[in-house]
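Notes follow once the structure below has been shown.
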Amino acid sequence: MKKSHFCDAEPAPAFSNLPSVSLSQLAMISINIRSLLWLSAIFRVILIVYGEWQDSHMEVRYTDVDYLVFSDAASLMASGDSPYKRTTYRYSPLLAFFLIPNSIIHRSWGKFLFSASDLLVGVFIHSILKLRKVPEDLCMYSVVVWLFNPFTFTIGTRGNCEPIVCAMILWIIICLLKGNVLQAAFWYGLVVHFRIYPIIYVLPIILILDPLFFRSGLKPRLQNWSSRQDKTLRSSNKVTDQYDLWKALKTVFSQERVMFGLVSGAVFLSCTGLFFYLYGWEFLHEALLYHLTRTDPRHNFSIYFYHIYLHYEHEFLMVEKLISFLPQFIVQLVLIFRFAQDLPFCLFMQTVAFVAFNKVVTAQYFVWFFCLLPLILPWSNMKLKWEGLSCILVWIGAQLHWLMWGYLLEFKGKNVFLQLWLAGLLFLAANTFVLIMITCRHTYSPVFQRLGHPTLKNAEKNN
């Protein structure tokens, strides 16, 4: 079997190892993106209606408990009060503002809003892949991976706001691909205000805004999907990557980078300043600072939860905080400086690693990287049979193993904290295994082609 660039062998064509029957059937169906979106929309409406029935007739509710928090905060805002009077509301006031129709039109308004954002993510995935000239059948396959993923279609219909964040992140990628740095900066500042975790993307975005790719008055040149096997191009990309790192300090204050930093920073500070004026320190703590210092004693997927549970009533030493943060920081830096030019792949790897090593890990965080997964599939050489299935089974199996111990603790009251912590370690190992497999089967493909250095052009003209 042929392996990718990272395994020191020639890359096989993307999805070449998928069963041929699957691709031929996909081609024969000839379903377009509009039909796929309509089918997905109908499916989500059915789930929302079913969720209302389950909430009324069954002991276990379909609706996410966070949605009740959002709705209560929106109701408070509609009556002129602070949304932070609702305990455990730890989000931007923008979210409560968007959900004010919950108390005016219908309580399910937010679910329809989040599900619409979910569908918008599918549209953006298709747009990004088409910009990179990915064949239509692979585009549709990738969109299906998002729209019909059980993790994703249940998130929005249960009332979780993550699809809005996913849509904004993908729109930022589209803006960068089209060279709209100003618009990308605006949305980046807004999304970091709305949900703090996308701050981890700032360094790869800054790195990719290199003068080799972005220059005033010139549109960036995209590297197409069809060029993924071009040996000469991959060789020149290696040189480009080395040049980028070597020249990073000299070009760090390029016009595009300065503009991106100033605009995104201004948007973030404007939103934060406005809501600080309206709601004071309570907003600043609940919406921003809480997430930077959060330590949750309740059981979750994180490998740190047991230590936090045992020492929750005591103040954590600075050394303890540093030790828990250091692995996450080191992994982020390694991934950024190795894969930044292959931006979608870099963001995907960053997000998976960030979630896996975080101090608090819940199932809703998985959506953060699921929206980026379809963007890297066309550049994957992984066999669906055996390799792909093994990754899926290992990841889901480790998760189900953890959930078994979580059920015994939560519903049966058994003292299985140690077993639950060991299951968390196993889940981290599963995430690491999947990351390694994806990396080894990925064809490294920088998003942009270099425009050429002005100094070199002038020298050629003089000669």
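For the stretch 389-435, the share of accessible area belonging to carbon and sulfur comes to 76 percent (1.4 Å probe, ligands and nucleic acids excluded). For the peptides 154-162, 426-434, the ranking by mean Cβ contacts within 10 Å, running from highest to lowest, is 154-162, 426-434.
Taking the square roots of 5 times each eigenvalue of the Cα gyration tensor of the stretch 26-146, largest first, gives ellipsoid semi-axes of 35, 18, 11 Å. Give the calculated FRET efficiency between Lys133 and Leu403 to the nearest 0.05, with a Förster radius of 56 Å applied to their Cβ-Cβ distance. Between Lys133 and Leu403 the formula returns 0.85.
Peptides 392-405, 138-151 ranked from most to least packed give 138-151, 392-405, packing being the mean of other C-beta atoms within 10 angstrom over each peptide's residues. Among the listed pairs Lys111/Lys385; Lys111/Lys412; Lys130/Lys219, which have their C-alpha atoms separated by more than 29 angstrom in this model? Exceeds cut-off: Lys111/Lys385; Lys111/Lys412. Relative to the 2.2 N^0.38 Å rule of thumb, the stretch 66-110 has a C-alpha radius of gyration ratio of 0.95.
Taking 13 Å as the cut-off, the amide N atoms of the stretch 182-217 that come nearer than this to a point 7 Å along the Cα-to-beta-carbon line of Val258 belong to 216. Packing, taken as the mean count of other beta carbons within 10 Å per residue, orders the peptides 275-281, 63-69 from highest to lowest as 63-69, 275-281.
The values are calculated or read from the model by the stated rules, or taken from the named source; none is laboratory data. In this text the structure is predicted, and so the values were computed from the model without any measurement. We place every Cβ from the backbone using ideal geometry, glycine too, and count neighbours over all the protein chains shown. Surface accessibility is based on the protein's heavy atoms, side chains included, excluding ligands, DNA and RNA. Shrake-Rupley method; radii C 1.70, N 1.55, O 1.52, S 1.80 Å.
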